[in-house]
Amino acid sequence: MTTTIPVARQGVYRFSDDLSEDTIPFTVSAPNPGEIDRENLVLRKLGVRCWGRLYHFRNYYQHGWGDGHGRTLSPRALEIFYRFIEEAAFPQGINPSLFLTDEGHLELCWDSQFGGAVQVEFTPSGAEYFIERLGSEDTVPFTEISVLAKRVLA
Amino acid sequence: MSIGAEEEIARAICTDKWDGIRLSPSLFKGANTSVSRLVLISLEDHWDLFRRHLEKPPERKLERIGQINVGRLQEIGRTYKDPVSITVEPDPVQWNPAHAIIPQNITRGLANKICDALTIHAQ
């Protein structure tokens, strides 16, 4: 016995092109390997405020944010930021602040336990730092991020 | 022609530069920093203007407005350890006829001094 599969009728309604199945990518987003560990690292070292701000910067600030010139968060700058906080041993009660620069860099600021502000801006090539107490301002390549993490917290 | 030392200028402070505790020094770091002239548009009207044009994405909110006198800004530049001759140049744009820029490259250390001198307005 043969069964004939009914031919699908042409529907009365049609999806517009941007909603048709062909244009919707059927993918499931899984976190990158190690992503959960990194989220935990940010939570543990910088607290929930910085974690929430990083989430916003990563997910909502697309190219052209703000006045039209804001750049999306640089993946390399983010990578260097993670390396830095892996190495950094923040004293209790430091309560850092995290910002996004117009160039798409992350900027971490806190008040040193020895007095004065400390600021580190993570760029695609390394980091720029400022230690108010010493009046020092300089840049380091990404290969010296571990050294910088010790220097700015010493 | 540069804006006179007697004028007051404003800078929008949005979520990316303010976390409720600290102000980001990158607000004034770098070249061609956008500011707005209070002599042309009042501070009250700047709240609406900035909200309409700068709250993109919607999660980015206008949190504060920083205000500083041009003469004070120039004095900070002059007296910094590596002196900078700061000017403010008119740069009207379609959405903001009061728009102006600080063309000089401001270092992080100097940007910190400028941020410390700002009058911060909340609404």
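Neighbours of A:A154, meaning other residues whose beta-carbon lies under 13 angstrom from its beta-carbon, give a summed charge of +2 when Lys and Arg score +1 and Asp and Glu score -1. Farthest towards the positive end of the charge dipole of region A:73-154, among the residues A:T101, A:L148, A:P124, is the Cα of A:L148, using unit charges on the Cβ of Lys, Arg, Asp and Glu. The label-point distance for B:R72 and A:E35, in a model that sets each label 7 Å from Cα toward Cβ, rounds to 4.6 nm. The mean sequence distance of close C-alpha pairs (under 8 Å, at least 6 residues apart), as a share of the length of region B:1-118, puts its relative contact order at 39 percent.
Given axes a ≥ b ≥ c from the Cα gyration tensor, I'd like to know whether chain B is rounded (a/c under 1.5), prolate (a/b larger than b/c) or oblate. It comes out oblate by the Cα gyration axes. A Förster distance of 41 Å, applied to the separation of the beta-carbon atoms of A:L153 and B:T79, puts the FRET efficiency at 0.85.
Restricting to DSSP H runs of at least four residues, report the calculated mean residue ellipticity at 222 nm for the protein assembly as shown, -39500 (n - 2.57) per run over all residues, nearest 500 deg cm²/dmol.
That calculation yields -8500 deg cm²/dmol at 222 nm.
Rounded to the nearest 20, the size of the Cβ-charge dipole of chain B about its Cα centre is 400 debye, with Lys and Arg at +1 and Asp and Glu at -1.
The fewest-to-most ranking of B:E59, A:E35 by surrounding Cβ atoms within 10 Å reads A:E35, B:E59. Taking a Cβ cut-off of under 15 Å around B:I106, the surrounding Lys, Arg, Asp and Glu residues balance to a net charge of -2, with basic ones at +1 and acidic ones at -1.
Here the label points at B:S42 and A:R58, each 7 Å from Cα along the C-beta direction, are separated by 4.5 nm in the simple model. Considering the dipole of region A:60-154 built from charges on the beta carbon (Lys and Arg +1, Asp and Glu -1) around the Cα centre, which of A:Q92, A:S136, A:Q113 is farthest to its positive end? Farthest along the dipole direction, towards plus: A:Q92. Computing Rg and the Kirkwood Rh from the Cα coordinates of the protein assembly as shown gives a ratio, Rg/Rh, of 1.11. Modelled label positions at A:E79 and B:D91, each set 7 Å beyond Cα in the direction of Cβ, lie 3.2 nm from each other.
Every number here is computed from the coordinates shown, using simple stated rules; none is lab data. In this text the structure is predicted, and so the values were computed from the model without any measurement. Every residue, glycine as well, gets a Cβ built from its backbone with ideal geometry; the counts of neighbours run over all protein chains shown.
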